[in-house]
Amino acid sequence: MSDHDYRPKSKVGQWFNDRLPLLTLANHLTDYPTPKNLNYWWTFGGILTFCLITQIITGLTLAMHYIAHADMAFESVEHIMRDVNYGWLIRYIHANGASMFFLAVYIHIFRSLFYGSYKAPREIIWIIGIIIYLLMMAAAFMGYVLPWGQMSFWGATVITNLFSAIPLVGEGIVTWLWGGYSVDNPTLTRFFTLHYLIPFLILGLVVLHIWALHVPGNNNPVGIDIKKPSKDTVPFHPYIVIKDGFALLMFMIVFAFFVFYSPNILGHADNYIEANPMVTPAHIVPEWYLLPFYAILRSVPDKLLGVVAMLSAILILAVLPWLDTSKIRSAVFRPLYKQFYWILVADVLILGYVGAMPAEGLYLLIARVATAYYFLHFLVILPILGFKEKTLPVPLSITEPVLGGSPNLATARKKESKIE
Amino acid sequence: MSEKKTKRRDFLFTATTAVGAVGAAAVVWPMIDQMNPDASVKALASTEVDVSALTPGNTLTVLWRGKPVFIRRRTKEEIDEARKVKMEDLIHPEKDEDRAKNPEWLVMLGVCTHLGCVPLNDKGDYNGWFCPCHGSHYDTSGRIRKGPAPLNMEIPKYEFVNANTIKIG
């Protein structure tokens, strides 16, 4: 790569860079050649970095006022809301920030699914991403327990009880997780510790995620390998920085809308009732971003198999690069995959909807069909599609469709001939 | 070349690795075990409950080891209903006679065996309990009849200290 030849202009810079090549790294990041056809779906990586930093900063400040004790946690959260200067703002940013984080990560994941960004040579980027996603769910779950409201307590009870489905050692594991015979103070203090730790683990994995990305470079909407740097690329700075910055501003408008106009719409009223181990709320549902998996858990009538199905639904993503047998990355050139992709999107949305509904009657039936389809998509449709599908001709360079004005080669060539 | 002689160095390598592994395990175990219930949690082993005010057809819920315990004084109909159930109709076959030694009193952990919610009293298809979380139905003996829960609600260790007092644990 050319950035190894980089030499700082100033004498001081050279002196420093010879001892610790941070300026070489900075130069690599600014000059990093990026496909010039990246669309706005590619701006969510930057948005997610913003979300992570926001959660860390607001989390640190909340931790200065929060008390992790079963007798005081609920009150300390109310203290933050009422007494601490701007406590309400910081807490609402943190609570809604979790939802915004998941909104962005789902868009980021589904962008990857559409454009085949998980395929060779980007499997490691993808797998690191899945690990980050799992850690995000763990962090979000434990964070939701900290206010020690009714949903906190019963959410914690239900989720930790998932481990009791493991044969033989399950009960022992649950007692170990709780530090007692039920969710109680020892559970709260360890959840607080882990909730504090995980974001920094994620931060480390984000560095690896980006490092792994910078080896092959970005995928792009056309999904072809490109030479870099070349006519097909632009430097990260200023081109992508400005585009990411603009998208981030748009995203922050949505974020601010939730924080200032409907800060509790994504939460549950029950969590403003202090935890009571004697009464379970009539209707327990997890936060919206976990609903599809919750629906899968409930759609299986067997305890152990339900838990297995739910975990498989997430872990199956890690082996996706090998389940998808098609050599073509972008769905733009895969007419059949494109349709199945949108069916999958609908399927996940349906699962999310029925996950929020009571598990009975028609809802349960829909949840079962949608669960079956989810696995069918990854285990049957994708492997077969790679062999059966007739894909469209792929352009040789990014410049070809860009000049023609369409990512589809046939239309591009038609347009070009019209211009002539 | 065909025979590989064990050298002094190989022995040292194996011995060092083995001792190192044992040492690492000895250090890791306290870090894992510190998360298990501590002495103060274990000390809260038993609770005594005064049940003199409980009339037939009513349930008293008390907290034991952080978990709710249902003490149900059952009516004649409830006992009959629980006792006439055939074993082959049960998901987790247990005789009501074994679950409630004194038929009038049913003492059990009010914890759904699916994922640990507290089932609601006098609800569900079997006149017993119904778990609102994932829809498990329990009969008047607290046995699972329908839904995702695999087991009957657990009977804790308990005894009548005198006619009006139950000691749980």
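What to note about this one:
- Answer residue from the stretch A:148-183, given it is assigned to a loop (DSSP other than H, G, I, E, B) and in contact (Cβ under 8 Å) with a residue 40 or more places away in the chain and is nearest to the other protein chains (Cβ to nearest Cβ) among those: A:S182
- Here B:I79 qualifies as touching a residue at least 12 places away in the same chain (Cβ under 8 Å), assigned to a helix (DSSP H, G or I) and buried (at least 16 other Cβ atoms within 10 Å of the Cβ).
- Residues being within 19 Å of B:K101 (Cβ to Cβ), touching a His at 6+ places or on another chain (Cβ under 9 Å) and either more than 14 Å from chain A (Cβ to nearest Cβ) or among the hydroxyl-bearing types (S, T, Y) (or both) - total across the stretch B:126-169: 2
- Residue count, the stretch B:84-129 (criterion: among the aliphatic types (A, V, I, L, M) and loosely packed, with under 13 Cβ neighbours inside 10 Å): 1
- A single member of A:A367, A:A412 is surrounded by 17 or more Cβ atoms within 10 Å (Cβ to Cβ), modelled with pLDDT under 85 and in contact with a Ser or Thr (Cβ under 6 Å, 6 or more places away or on another chain), and it is A:A412.
- For beta carbons closer than 6 Å, sequence separation of 6+ or different chains, a first residue in the stretch A:78-107 that is closer than 18 Å to A:H268 by Cβ and a second that is at pLDDT below 95 and outside any helix (DSSP H, G or I), the qualifying pairs are A:S99/A:L266.
- Of the residues in the stretch A:308-328, not one is under 18 Å from A:Y363 (Cα atoms) and within 11 Å of another protein chain (Cβ to nearest Cβ).
- Residues that are within 12 Å of another protein chain (Cβ to nearest Cβ) and touching a residue at least 60 places away in the same chain (Cβ under 8 Å), drawn from the stretch B:35-58: B:A45
- Against the list (1) farther than 25 Å from B:H134 by Cβ; (2) among the hydroxyl-bearing types (S, T, Y); (3) touching a residue at least 60 places away in the same chain (Cβ under 8 Å), the condition A:Y337 fails is (3).
- B:E48, sole failed condition from (1) at pLDDT below 90; (2) in a loop (DSSP other than H, G, I, E, B): (2)
- Positions within the stretch B:82-133 being assigned to a strand (DSSP E or B) and more than 16 Å from the chain's Cα centre (by Cα), in sequence order: B:W105, B:L120, B:N121, B:W129, B:F130
- A search for C-beta distances below 9 Å between a residue of the stretch A:249-260 that is in contact (Cβ under 8 Å) with a residue 12 or more places away in the chain and any residue that is outside any helix (DSSP H, G or I), counting only pairs 6+ apart in sequence or on different chains, returns A:F258/A:I265; A:F258/A:L266.
- Residues (within 28 Å of the chain's Cα centre (by Cα) and within 13 Å of chain B (Cβ to nearest Cβ)) located in the stretch A:184-201: A:T187, A:L188, A:T189, A:R190, A:F191, A:T193, A:L194
- The listed residues are A:P358, A:P383, and the only one of them that is modelled with pLDDT under 95, over 18 Å from A:G223 (Cβ atoms) and either surrounded by fewer than 18 Cβ atoms within 10 Å (Cβ to Cβ) or hydroxyl-bearing (S, T, Y) (or both) turns out to be A:P358.
- The number of residues in the stretch B:137-167 being at pLDDT below 90 and crowded, with 20+ Cβ neighbours inside 10 Å comes to 3.
- Applying the criterion of at least 3 residues that are under 30 Å from A:I398 (Cα atoms) to the helices (runs of 4 or more DSSP H) found wholly in the stretch A:1-68 leaves A:22-31, A:44-63.
- Residues in the stretch B:140-169 that are among the aliphatic types (A, V, I, L, M) and closer than 12 Å to B:W105 by Cα: B:I155, B:A163, B:I166.
- Verdict on B:I71 being more than 14 Å from every other protein chain (Cβ to nearest Cβ), touching a residue at least 24 places away in the same chain (Cβ under 8 Å), out of contact with any Lys or Arg (no Cβ under 9 Å at 6 or more places or on another chain) and outside any loop (DSSP other than H, G, I, E, B): no
- Unmet requirement for A:E360, which otherwise passes all of (1) under 30 Å from A:I159 (Cα atoms); (2) touching a helix residue (DSSP H, G or I) at 6+ places or on another chain (Cβ under 9 Å): (2)
- Positions within the stretch B:134-160 being of a type in the set (K, R) and not in a loop (DSSP other than H, G, I, E, B), in sequence order: B:R145, B:K146
The values are calculated or read from the model by the stated rules, or taken from the named source; none is laboratory data. Just so it is clear, the model here is predicted, and its values are computed rather than measured. Because the Cβ atoms are built from the backbone with ideal geometry, glycine has one as well, and the counts that use them run over all protein chains shown.
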